[in-house]
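The values are calculated or read from the model by the stated rules, or taken from the named source; none is laboratory data. In this text, all values refer to a predicted model and were calculated from it rather than measured experimentally. So basically every Cβ, Gly included, is an ideal-geometry build from the backbone, and we count neighbours across all protein chains shown.
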Amino acid sequence: MTTGAQTLARWAADLRPAEDDLALADRSLLDTVAVALAARDHPVVAVASGLPEAARWAVASHVLDFDDLHMPSTTHISAVCVPTALATGGGARGYLAAAGVMARLGTALGSPHYAAGWHATCTAGAPASAAGAAVAMGLGPAEVATAMALAVPAAGGTQRAFGTDAKSLQVGFAVEAGIRAARLAAAGARADPAALDEWAAMVGGALAALDVAGPAVPGGLAIKIYPCCYAMQRPISALSEVADGLDPAKVSAIRLRTSAAAVQPLIHHRPASGLEGKFSLEYGVAAALLDRYPGFASFTDSAVRRPAAVRLAGLVDTQLDPGGNWLLDGELSAEVHTTDGTLRRVRQRFPPGSPARPASADQLRAKLTDCIRGLSTEPDDWTWDNAAATLRRHIRAGA
């Protein structure tokens, strides 16, 4: 009987990307490298200086929570797959092999896996990184499946890490483990591919009905417009629409209604730090009303602790509709009441940057420009052949 690992491995080893696949890979390269460079001076990146190169790049790609997301699997695909491909010389094909495995594996793990508190970026990410690294090394389907099985012991990570240094660090651990597993497989290590299937069953998933048809990354990738958890993108975008001309000091009540599934990762209701603020629905609403466009400056410790932000966050009353199974389930509706009797309403289904409402070329360019401000490098110069050198130049290892 063919295992799920063998099915995914054969698909990855035989992958011949289509033009649309390559376009997605190139966009992912630019977005991920820019976000990693934006985090070059982040304290967590400094803490991670002792990790291997690819793991450091993964930490930098994820620590700002500005990296892309695969909606069906709730995984941050490029924070894992771009560093893997760059560190192993896999290029666009290596990236797509890893990304396709991660998308399908993460989707097979399903919403119960995510609802149980697993960080799917790490659980699906370690075997996916192994697959991408193995493809980059020129290994065949059997060795790719072995590499994925060897990565199973490292396929962990929990949502309790959200809002702490551990969230991005555990993504780095997944990449480190995946590349290590591929190197072991290349050296002749053996493993039972069925280990991946058994592990998936133990953590709530099932690999019996994997679908390897269609594009390399089924469903495409969501690009973030704001540097915070994807579950914050819709609330921030919606509240920003009603912020023009509004005096935040006159806001007297804020009422939201959304799906419970749509706010699953937002575990910090009274954040005290910038990292916690990235996972706080209440703070996201406050930042949207105060800052109009919550960018990097909105997610510092001092910004989160602003008295005006604390006051507004305390006014947020959220009604959660039960059920749902993804971060854009249903729609978000919001009411903002003011002391002068004004009522502003807004509803939103898809935020900008989502696959159903793709980021425009201007939005993407503005994001890249903001990320690399002050650096002597340009996205137009980055390719799969030279982007690693750019990261090495700006994200250095520790002494």
Quiz prompt | Gly138 vs. criteria assigned by TED's automatic domain parsing to the domain that holds Gly100, without any contact (Cβ under 8 Å) to a residue 60 or more places away in the chain and part of a loop (DSSP other than H, G, I, E, B) | solution = yes
Quiz item: All but one of (1) assigned to a loop (DSSP other than H, G, I, E, B); (2) farther than 27 Å from Pro112 by Cα; (3) under 23 Å from the mean Cα position of the chain (by Cα) hold for Leu327; which doesn't?
Solution: (2)
Quiz item: Which is outside the structural domain of Trp326 (by TED's automatic domain parsing), at positive phi and among the small types (Gly, Ala, Ser), of Gly117, Gly132?
Solution: Gly117
Self-check item: In the range 285-323, the residues that are surrounded by fewer than 24 Cβ atoms within 10 Å (Cβ to Cβ) and within 21 Å of the chain's Cα centre (by Cα)
Solution: Tyr293, Gly295, Phe296, Ala297, Thr300
Exercise. Mind telling me which of the residues Glu198, Glu176 ends up being assigned to a helix (DSSP H, G or I), modelled with pLDDT of 95 or more, charged (D, E, K, R) and buried (at least 21 other Cβ atoms within 10 Å of the Cβ)?
Key: Glu176
Exercise. Name every residue in the range 354-399 that is part of a loop (DSSP other than H, G, I, E, B) and at pLDDT 95 or above, in order of residue number.
Key: Ile372, Trp382, Thr383, Trp384, Asp385, Asn386
Self-check item: Among the candidates Ala287, Ala313, Ala297, residue that is touching an Asp or Glu at 6+ places or on another chain (Cβ under 7 Å) and in a helix (DSSP H, G or I)
Solution: Ala313
Quiz item: Would a scan of the range 223-231 turn up a residue that is touching a Gly at 6+ places or on another chain (Cβ under 8 Å), buried (at least 17 other Cβ atoms within 10 Å of the Cβ) and of a type in the set (Ser, Thr, Tyr)?
Solution: yes
Exercise. Check Ala18, Ala38, Ala5 and return the single one that is touching an Asp or Glu at 6+ places or on another chain (Cβ under 7 Å) and small (Gly, Ala, Ser).
Key: Ala5
Quiz item: Within the range 280-293, how many residues are modelled with pLDDT under 95 and not hydroxyl-bearing (Ser, Thr, Tyr)?
Solution: 1
Quiz prompt | Matching residues in the range 242-297 - criterion: being without any contact (Cβ under 8 Å) to a residue 40 or more places away in the chain and farther than 21 Å from Leu320 by Cα | solution = Gly245, Ala272, Gly274, Asp291, Ala297
Quiz prompt | Test result for Ala356, closer than 18 Å to Tyr226 by Cβ, of a type in the set (Gly, Ala, Ser) and over 20 Å from the mean Cα position of the chain (by Cα) | solution = no
Quiz item: If only one of Ser237, Ser168 is closer than 30 Å to Thr318 by Cα, among the small types (Gly, Ala, Ser), touching a strand residue (DSSP E or B) at 6+ places or on another chain (Cβ under 9 Å) and in a helix (DSSP H, G or I), which one is it?
Solution: Ser237
Quiz prompt | Among the residues listed as Val171, Val217, Val152, the single one being within 19 Å of Arg93 (Cα to Cα), aliphatic (A, V, I, L, M) and either modelled with pLDDT of 95 or more or more than 23 Å from the chain's Cα centre (by Cα) (or both) | solution = Val217
Self-check item: the range 253-263, subset surrounded by fewer than 22 Cβ atoms within 10 Å (Cβ to Cβ) and of a type outside the set (A, V, I, L, M, F, W, C), residue farthest from His337 (Cα to Cα)
Solution: Ser259
Quiz item: Can you name every residue in the range 267-284 that is outside any helix (DSSP H, G or I) and either assigned by TED's automatic domain parsing to the domain that holds Ala115 or surrounded by 23 or more Cβ atoms within 10 Å (Cβ to Cβ) (or both)?
Solution: Pro271, Lys278, Phe279, Ser280
Exercise. Pick out the one residue from Ala249, Ala209 that is part of a helix (DSSP H, G or I) and surrounded by fewer than 22 Cβ atoms within 10 Å (Cβ to Cβ).
Key: Ala249
Quiz item: If we scan the range 80-96, do we find a residue that is within 12 Å of the chain's Cα centre (by Cα) and among the small types (Gly, Ala, Ser)?
Solution: no
